[in-house]
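First comes the structure, then the notes that go with it.
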Amino acid sequence: MKVWVVGGAGYIGSHVCKALIKAGHEPVVFDNLSTGLRSNVLPGIPFREGDILDLPVLRAAAREFRFDGVVHLAALKAAGESMEVPERYSRANIVGSLNLLESVLEAGIPNFVFSSTAAVYGEPQYLPLDEKHSTKPENYYGHTKLAIEGFIEWYGRLKGLKHVCLRYFNAAGYDPDGELQGLEQNPANLLPVVMETAMGWRKKLQIFGDDYPTRDGTCIRDYIHVSDLADAHVKALDYLHTKGGNLTVNLGTGSGITVMEMVRLAMQVTGRGIPFEIVARRVGDAVSVLASSDKALETLGWKARYSDGETLLKTTWKAYQANASSRKQPG
């Protein structure tokens with residue numbers, strides 16, 4: 001399949017492209033490089049620079065090749081920031097996604113895989129979260145993703161767009177082969193911030209609250225290795241191409257690790273001290289989030305392989321060490 005990877009120069013997108021090539025497919029990258037890196041695009045992959053807010057450019061890119069499917073990874077994703085500048089997230093995530101859907105339909109691209117988030121669920125009513133759980137996002141980022149899922153579902157009903165929406169939290173880790181080592185720019189997620197602190201690029205790590213009802217007072221999260229996520233995106237495209245049904249599935253391990261546990265494990269893996277301070281809770285943070293991926297196993301044949309804490313940290317540390325001499329501050 002020839003696959004249009006929108007946001008393909010980003011952290012997750014670059015790993016998706018590698019997984020597509022490994023599976024025998026042909027990715028084409030479209031990215032505005034606002035957070036992605038040109039160096040993340042592997043040699044031989046066609047690259048087109050553009051923004052999903054630029055509808056004429058997007059339309060032209062959608063028609064340039066005869067695409068069999070599209071993977072939509074172009075979005076802003078910092079939950080905390082989304083609560084402060086919701087208008088920016090409305091433009092980038094909602095307006096941009098509507099532009100993309102319009103371009104995909106006009107170009108006749110039949111299969112659509114959307115990189116969504118388990119943030120659509122909000123505060124868990126039970127754990128692990130499954131796809132039947134109510135959707136009540138607690139941050140604006142989650143709201144935008146849920147809104148896009150709704151648009152995709154309606155376009156499926158009205159226009160016949162075949163689609164899979166993948167819901168997951170906390171993408172982490174790096175290519176185990178060490179081929180992809182481009183660091184995220186201005187990261188907000190825990191592992192990159194932990195690594196920047198270990199590298200001495202940050203003076204200290206902020207931990208948002210230590211008074212949650214968990215085993216050590218810090219939030220619990222379900223971390224998924226980026227290579228596992230990439231594999232799921234490929235499996236979703238294959239599912240649409242061969243079976244044609246529409247799906248919304250979670251991607252998770254069903255087990256979680258606290259913020260403090262991750263920090264202490266990072267100290268062991270890196271062999272370095274990681275200064276931290278406890279600060280006030282962050283608005284929109286759930287206490288504990290674990291996702292069941294039973295449906296993904298049943299429908300896509302997907303299961304996490306690299307998502308244990310040690311592998312997540314070792315592959316991330318390897319990438320940061322590879323970038324140690326290139327710059328003092330990522331981005």
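The values are calculated or read from the model by the stated rules, or taken from the named source; none is laboratory data. Here the structure is a predicted model, which means the values were calculated and not measured. Every residue, glycine as well, gets a Cβ built from its backbone with ideal geometry; the counts of neighbours run over all protein chains shown. Just so you know, the surface numbers come from the protein's heavy atoms only, side chains and all, with ligands and any DNA or RNA stripped out. Shrake-Rupley method; radii C 1.70, N 1.55, O 1.52, S 1.80 Å.
What the table below lists for this structure:
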item: Using a Förster distance of 25 Å, the FRET efficiency for ARG202-VAL85 (Cβ separation, nearest 0.05); result: 0.65
item: Trypsin sites (Lys or Arg not before Pro) within segment 14-66, DSSP loop, no more than 14 other Cβ atoms inside 10 Å; result: ARG66
item: Convex hull volume per residue in cubic angstrom - Cα atoms of segment 104-205; result: 172 Å³
item: Principal semi-axes in Å for the chain [√(5λ), Cα gyration tensor, largest first]; result: 30, 22, 19
item: Principal semi-axes in Å for segment 1-115 [√(5λ), Cα gyration tensor, largest first]; result: 22, 17, 12
item: Gain on full stretching of the segment that runs from LEU158 to SER34 - 0.36 nm per residue minus C-alpha separation; result: 41.4 nm
item: Pairwise centroid distance, computed over Cα atoms, of segment 202-271 with segment 1-59, Å; result: 23 Å
item: Equivalent ellipsoid, segment 205-285 (semi-axes from 5 times Cα gyration tensor eigenvalues, Å); result: 34, 16, 10
item: Label-point separation in nm, ALA188 to GLU277, each point 7 Å along Cα→Cβ; result: 2.1 nm
item: Rounded percent of accessible protein surface that carbon and sulfur make up, the chain, 1.4 Å probe; result: 49 percent
item: Residues of segment 151-200: accessible area per residue with a 1.4 Å probe, Å²; result: 39 Å²
item: Average accessible surface area per residue within segment 14-81, 1.4 Å rolling probe, Å²; result: 46 Å²
item: Residue-normalised accessible area of segment 236-331, given per residue in Å² at a 1.4 Å probe; result: 49 Å²
item: Interchain or long-range residues, amide H under 5 Å from LEU129's placed H; result: LEU290, ALA291, SER292
item: Exposure ranking of LYS235, LYS314 by accessible area [1.4 Å probe, largest first]; result: LYS314, LYS235
item: Pairs beyond 28 Å (Cα-Cα), from LYS2/LYS243; LYS295/LYS318; LYS22/LYS159; LYS132/LYS314; LYS22/LYS204; result: LYS295/LYS318; LYS22/LYS159; LYS132/LYS314; LYS22/LYS204
item: Residues of segment 227-267 with amide N under 12 Å of a point placed 7 Å along Cα→Cβ from ASP216; result: 257-267
item: Gain in span if fully extended, HIS241 to MET267, counting 0.36 nm per residue against the direct Cα distance; result: 5.0 nm
